[in-house]
Amino acid sequence: QGQLVESGGGLVQPGGSLRLSCAASGIIFSIYTMGWYRQAPGNQRELVAHITSNRNTNYADSVKGRFTISRDNAKNTVYLQMNSLKPEDTAVYYCNANLAAGNYWGKGTLVTVSS
């Protein structure tokens, strides 16, 4: 059974940076499309970015130019580099592994952007 564990969240000031990591186990990581989603209080969960097995990437308009998703198949880990953070980026960030054969979620890591 696949497991995803996020880390790297925390409190950061506006304009600051954070890097989130998601370590996967129990799946053939390299063939999965990996994604980061976020959910702010009172809002629905939304896609932030995803990266395919071929390393094609897609970003939400709200984070384009500020966030970068990457993957290290040797470490079974996907990253989300977040720069120029804004208060509206405050949310719980979730890692997702998606394939027709299975879909897995992590428990999330909280990112708070505040002065």
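The values are calculated or read from the model by the stated rules, or taken from the named source; none is laboratory data. Please read all numbers here as calculations on a predicted model, not as lab measurements. Neighbour counts run over all protein chains shown; Cβ positions are idealised from the backbone, glycine included. What goes into the accessible areas is simple: the full protein's heavy atoms, side chains included, and nothing from ligands, DNA or RNA. Shrake-Rupley method; radii C 1.70, N 1.55, O 1.52, S 1.80 Å.
Accessible surface calculations at 1.4 Å, restricted to protein heavy atoms, place the chain at 53 Å² per residue.
The packing ranking of peptides 13-19, 85-91, highest mean first, is 85-91, 13-19, where packing means the average number of other beta carbon atoms within 10 angstrom of each residue.
FRET efficiency for the ALA100 to ARG66 pair, using the beta carbon distance and R₀ = 30 Å, is estimated at 0.45.
Ordering 38-45, 5-12, 20-27, 77-84 by mean Cβ neighbour count within 10 Å, with the highest value first, yields 77-84, 20-27, 5-12, 38-45. Across every direction, the projection of the convex hull enclosing the Cα atoms of the range 38-85 has a mean area of 4.0 nm². Computed 3J(HN,Hα) for the range 58-75, one whole-Hz value per residue from the Karplus formula 6.51 cos²θ - 1.76 cosθ + 1.60 where θ = phi - 60°, is 8, 10, 5, 4, 5, 10, 4, x, 10, 10, 9, 9, 8, 9, 10, 5, 5, 9, glycine and proline marked x.
Stokes-Einstein at 10 °C, 1.306 mPa s, Kirkwood radius from Cα pairs: D for the chain in µm² s⁻¹? The Stokes-Einstein estimate is 114 µm²/s. The phi-based Karplus calculation (6.51 cos²θ - 1.76 cosθ + 1.60; θ = phi - 60°) puts the 3J(HN,Hα) values of the range 91-108 at 4, 8, 9, 10, 8, 9, 10, 10, 7, 4, 7, x, 9, 10, 10, x, 8, x Hz, whole numbers, x for Gly and Pro. Straight-line cross-link partners of LYS86 among the aspartates and glutamates, defined as a Cα under 19 Å from its Cα and at least 8 positions apart when in the same chain: GLU46, ASP61. Taken about its Cα centre, the chain carries a charge dipole of roughly 140 debye when the Cβ of each Lys and Arg holds +1 and the Cβ of each Asp and Glu holds -1. The accessible surface of the range 1-75, taken with every protein chain in place and a 1.4 Å probe, is 44 percent carbon and sulfur.
Using the Karplus relation 6.51 cos²θ - 1.76 cosθ + 1.60 with θ = phi - 60°, the per-residue 3J(HN,Hα) values for the range 20-35 come to 8, 10, 9, 9, 10, 9, x, 9, 7, 3, 5, 9, 8, 7, 10, x Hz, with x marking Gly and Pro. The mean sequence distance of close C-alpha pairs (under 8 Å, at least 6 residues apart), as a share of the length of the chain, puts its relative contact order at 37 percent.
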